[in-house]
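Please read the structure below before turning to the comments.
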Amino acid sequence: MFSLERFHAHCGFPDFFSCATVSSVVGKFYLSPLLRILSFLSLVLAGQLSLQCIFFPPLEKGHGEESVLRPLYMDVQATTPLDPRVLDSMLPYLMHYYGNPHSRTHAYGWESESAMERARQQVASLIGADPREIIFTSGATESNNLAIKGVARFYKSRKKHIITTQTEHKCVLDSCRYLETEGFRVTYLPVKRNGLIDLKELENALQPDTSLVSIMTVNNEIGVKQPISDIGQICSSHKVFFHTDAAQAVGKIPMDVNDMKIDLMSISGHKIYGPKGVGAIYVRRRPRVRLEPLQSGGGQERGMRSGTVPTPLAVGLGAACEVSQQEMEYDYKRISVLADRLVTKIMTEIPDVVMNGDPEHHYPGCINLSFAYVEGESLLMALKDVALSSGSACTSASLEPSYVLRAIGTDEDLAHSSIRFGIGRFTTEEEVDYTVQKCIQHVKRLREMSPLWEMVQDGVDLKSIKWTQH
């Protein structure tokens, strides 16, 4: 087990390097990043600590395989690793600056409040908002619930209609279904085969008592980018509030709440290389958007979200937003190159592969491919060296394919054979090539075992066959 005291003692550091002394000397940081790295390396070189233990602690029995090798990570739509720069910003507030940011009577509270407000500014800067319009939450799920239920309930005396799409995240769809039990009417817009909504259908769905339109920016399963600016313009011209779940978009593509006429936006920390358990919601001040809070308490966050703001997590979210703002252009270009490499190599080597979603209006880091005549669950199990996810619900008790793929009209057999590849900031070219190599190898192997593939090779049209049940 590694401890700060152990490497201090082992490396012979004087008391000057103790946490308390260093924090008082440098004020903001315990140890410089360079000193921390040197300290770790000195233990490694002395044989007292292994890099495997530092970065990949062994799994406890009952929680996974005993192998020290972990699979490559290609599932960044589910979550992203913490950026080291984000961790560096959080460390002081996990140990030394532990004051309650809402305590106004002493320095401990002032320090934490100052850090919290700086984080608020960093989040606001990323999306072109005023810091006063940023409310910290526990993540995008809470933000989506607060936006949809909060707006609907506040304006329920005059407006009882909401519009969303059939391909939204489950927390948005479930929030809308819950509001239906309270007497609200919800229109679930269909999407075209490319995953995009029809703007004319949106305009036709608007009613005099529509209070909110909620449409996600980038889809978490197929990576499709909706025409957010056009949607914002339509909503603004009809005086209807527009909410977007931007968890998969913020920090990855340019977002400006004013240019896009967005009234509410949901943000997640762990989707942009920040910590889990923290997010934010943007709530426009002018023209003012009113919300009914979901929870009661001390009235923090301008009364919209009671509860003590976790300073270390808020600082991490702010740092993640700042880093994303600095790295966005470079990350996007690099991820685009890697995504093109993956798709081109797979489609060149394997026939009958379909890319789900619009190829143009698309975030390149989210690639959803369907491999005909291969079961997605079987392919995932074969690709045990790579952490991926399937578009089908093969990990649950249900054998139904993804509702997103069904919404875009994907055939059921193709929907069951889909795999989502996630490429992020820390994905390497070697990891992409390895994933492609393994994918090609196992798809070919699984097809050789498939009687359907054999029939297709013999020229049989599977759709012309009438299957019977026994």
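The values are calculated or read from the model by the stated rules, or taken from the named source; none is laboratory data. Keep in mind the model is a prediction, meaning the values are calculated, not measured. For neighbour counting, all protein chains shown are included, and Cβ atoms are generated from backbone atoms with ideal geometry for every residue, glycine included. Heads up: the accessible areas ignore ligands, DNA and RNA and are worked out on the full protein's heavy atoms, side chains in. Shrake-Rupley method; radii C 1.70, N 1.55, O 1.52, S 1.80 Å.
Keeping the other protein chains in place, figure out the carbon and sulfur percent of the accessible area of the range 327-455, with a 1.4 Å probe. That share works out to 54 percent. Near residue 200, which aspartates and glutamates are there with a Cα under 13 Å away, not counting those fewer than 8 places off in the same chain? The qualifying aspartates and glutamates are 230. For residue 252, the lysines whose Cα comes closer than 21 Å to its Cα, not counting residues fewer than 8 places off in the same chain, are 225, 261, 271, 276, 333.
Just the C-alpha atoms of the range 170-312: what Rg/Rh do they give, with Rh taken as the Kirkwood radius? Let's see the in-between values first.
On the way: Rg = 15.8 Å, Rh = 16.5 Å.
In the range 170-312, Rg relative to Rh is 0.96.
Cross-link partners of residue 156 among aspartates and glutamates, defined as those whose alpha carbon lies under 15 angstrom from its own and excluding same-chain residues fewer than eight positions apart: 180, 182, 209, 292.
With R₀ fixed at 25 Å, the C-beta to C-beta distance from residue 381 to residue 193 puts the FRET efficiency at about 0.25.
Averaged over its residues, the range 117-272 has an accessible area of 35 Å² per residue, based on protein heavy atoms and a 1.4 Å probe.
What whole-number value in Å² describes the accessible area per residue of the range 327-455 for a 1.4 Å probe?
Working: 5960 Å² over 129 residues.
Ligands and nucleic acids excluded, the figure is 46 Å² per residue.
Among 223-235, 446-458, 416-428, what's the highest-first ranking by average C-beta atoms within 10 angstrom per residue? Numbers along the way, then the final one.
Values: 223-235: 20.6, 446-458: 13.5, 416-428: 22.5.
Going by the mean number of other Cβ atoms within 10 Å, highest first, we get 416-428, 223-235, 446-458.
Residues whose amide H falls under 5 Å from that of residue 248, counting only those 5 or more places apart or on a different chain, are 218, with hydrogens built in the peptide plane. The distance from the alpha carbon centre of the range 186-245 to that of the range 77-124 is 35 Å, rounded to a whole number.
Amide H contacts for residue 165 (H built 1.01 Å from N in the peptide plane; partners 5 or more residues away or on another chain; cut-off under 5 Å): 189. Taking every protein chain into account, the 1.4 Å probe leaves residue 400 with about 90 Å² of accessible area, to the nearest ten. Taking the square roots of 5 times each eigenvalue of the Cα gyration tensor of the range 327-455, largest first, gives ellipsoid semi-axes of 24, 17, 13 Å. By the scheme Lys and Arg +1, Asp and Glu -1, what is the net charge of all other residues having a beta-carbon under 14 Å from that of residue 208? It works out to a net charge of +3. Sequence-ordered 3J(HN,Hα) estimates for the range 273-282 from the Karplus curve with 6.51, -1.76 and 1.60 and θ = phi - 60° stand at 6, x, x, 7, x, 9, x, 8, 10, 8 Hz, glycine and proline given as x. Across the range 210-222, computed HN-Hα scalar couplings (Karplus, 6.51 cos²θ - 1.76 cosθ + 1.60, θ = phi - 60°) run 6, 9, 8, 10, 10, 9, 6, 7, 10, 6, 6, 9, 10 Hz from first to last residue, x flagging Gly and Pro.
For the range 90-138, trypsin sites (Lys or Arg not before Pro) are listed when DSSP marks them as loop and at most 14 other Cβ atoms sit within 10 Å of their Cβ; the list is 104. Near residue 307, the amide H atoms lying under 5 Å from its own belong to 298, 299, 300; only residues 5 or more places off or on other chains count, and H is placed 1.01 Å from N.
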